[in-house]
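Below you'll find the structure, written out as C-alpha cells, and then a few comments.
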Amino acid sequence: MEINRNNVIEIVKKSGLEPDKDYGQNYLLEPSMCEKIISFLHIQPSEKVLEIGPGIGSLTHFISLYKDAQIDLVDIDERMINFLKIIYKENNIKLILNDIRKHDVSKYEKIVGNLPYNITTETVTYLLENAKNAKKMVLMCQAEAFPRFSDLSGKEYGPVSILIHLLGNVARKLTVKPGSFYPAPKCSSVVFEINFNENNDFNLIFSIFNFSKRIFSNRRKTIHNNLSNLLDNKDLSVKILNDLGIPANKRPEEISPDQYVRLFNELKKY
C-alpha cells in the first residue's frame with residue numbers, strides 16, 4: 001500500500017497509529033522519494049533485505065515489489081508490526097518485533113531504514129559491527145548527524161567514520177525537507193548510502209576501530225599525549241610519530257583513517 005499525503009491521516013486515525021515521539025517516528029509522505037530511496041539499494045533476486053523501522057510502510061511498499069528478494073521488516077513498535085501484517089501477506093516478507101540493536105543482522109546483503117535520531121550513531125555502529133555480509137546500506141538520519149559518518153576531519157569526525165571508511169565508502173544521496181514527513185520534524189534529513197568493499201579483513205579493521213576509540217577517548221589531548229598514555233612511554237610515542245611523519249601536536253580528529261591504519265600497524269612492532 002502506497003503511503004502519501006492523501007491517505008496518511010486516514011490511516012493514522014483508523015488504525016490508531018499516531019507517531020510515537022519516544023520511538024522517533026515520522027512517516028515519509030513522498031512516494032516518488034520512497035521509490036528513489038529503494039532504487040539506491042539495487043536489490044537483486046534472492047538477496048536478503050532488511051528494513052529497519054518500517055512504520056506504516058512508506059518504504060515497504062516499494063521493497064515489496066521485489067518479489068524474488070527475501071525481505072525482513074524489523075520494528076520495535078508492536079502496533080506497526082500488527083498493521084503491516086494485515087497489508088503484507090507475501091511469502092517473501094517476514095515481520096519481526098524487535099529492537100534493531102538486538103536483532104541478528106549478519107545474514108542481510110542490503111539494509112535500509114529511517115533511523116531514530118536518539119539512537120542513530122549507536123544503530124549505525126551496531127550495523128557496521130554485525131552486518132558482515134552487507135553489500136550496501138541506504139539509511140536516513142537527521143542532517144546534523146550525517147557528518148559523524150562522512151567527515152574525515154573536524155569535530156564530528158571520529159571512530160565510526162574511520163570504521164566506515166575502512167569497510168567501504170559513504171555517499172550522500174538526498175536531502176529530505178521536514179515537510180516531506182508526518183509529523184514534520186524540526187530539521188532536514190539526509191539519505192546516504194554505505195557501499196562495502198569485498199573481502200574485508202574484519203579482524204584487522206575492528207582492531208583498528210577499537211584502537212581509534214581509545215585514542216579518541218580524550219579528543220582534547222594531542223595524538224602524542226594520547227599515544228603516550230596508551231603506551232605508558234613518551235619517548236616511544238615520539239619515535240613512532242616521527243617515523244610515520246605524523247606531527248605530535250595533531251589532535252585525534254586531525255588524523256586520517258589511513259594514518260590510523262599506519263599507526264596501528266606500527267604499534268604491532270612493539
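The values are calculated or read from the model by the stated rules, or taken from the named source; none is laboratory data. Worth saying up front: this structure is predicted, and the values here are computed from it rather than measured. Glycine gets a Cβ as well: all are built from the backbone with ideal geometry, and neighbour counts include every protein chain shown.
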Counted residues in the range 55-93 being free of Cβ contacts under 8 Å to residues at least 40 places away in the same chain, in a loop (DSSP other than H, G, I, E, B) and within 24 Å of I119 (Cβ to Cβ) come to 0
Within the range 94-109, track down each residue that is part of a strand (DSSP E or B) and in contact with a helix residue (DSSP H, G or I) (Cβ under 9 Å, 6 or more places away or on another chain). L95, I96, L97
Just checking, does the range 97-104 include any residue being in contact with a Pro (Cβ under 9 Å, 6 or more places away or on another chain), of a type outside the set (D, E, K, R) and surrounded by fewer than 21 Cβ atoms within 10 Å (Cβ to Cβ)? no
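Please find, within the range 214-227, the residue that is surrounded by the most Cβ atoms within 10 Å (Cβ to Cβ) out of those that are part of a helix (DSSP H, G or I) and within 25 Å of the chain's Cα centre (by Cα).
Checked the range 214-227; the qualifying residue surrounded by the most Cβ atoms within 10 Å (Cβ to Cβ) is I215.
For the range 35-51, does any single residue satisfy the condition of being within 20 Å of N82 (Cβ to Cβ) and not polar (S, T, N, Q)? Spell out the reasoning first.
Within the range 35-51, the first condition is being within 20 Å of N82 (Cβ to Cβ), and the residues that meet it are 50-51.
Those left that are additionally not polar (S, T, N, Q): 50-51.
Looking through the range 35-51, at least one residue is within 20 Å of N82 (Cβ to Cβ) and not polar (S, T, N, Q).
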Can you pull out every residue in the range 49-78 that is surrounded by fewer than 16 Cβ atoms within 10 Å (Cβ to Cβ) and not hydrophobic (A, V, I, L, M, F, W, C)? K67, D68, E78
Within the range 80-111, track down each residue that is of a type in the set (S, T, N, Q) and under 18 Å from E47 (Cα atoms). N91, N92, S106
Quickly run through the range 228-262 and pick out the residues that are without any contact (Cβ under 8 Å) to a residue 24 or more places away in the chain, of a type in the set (A, V, I, L, M) and surrounded by 19 or more Cβ atoms within 10 Å (Cβ to Cβ). L241, I246
Test each condition in (1) exposed (fewer than 14 other Cβ atoms within 10 Å of the Cβ); (2) under 27 Å from N133 (Cα atoms); (3) among the hydroxyl-bearing types (S, T, Y) for S161 and report the one that comes out false. (1)
Mind checking which pairs have a first residue in the range 9-37 that is farther than 16 Å from D75 by Cβ and a second that is small (G, A, S) and assigned to a helix (DSSP H, G or I), Cβ under 7 Å, 6 or more apart or different chains? L29/S180; E30/S180; M33/S180
Would you call K250 outside any helix (DSSP H, G or I), modelled with pLDDT of 95 or more and more than 22 Å from the chain's Cα centre (by Cα)? yes
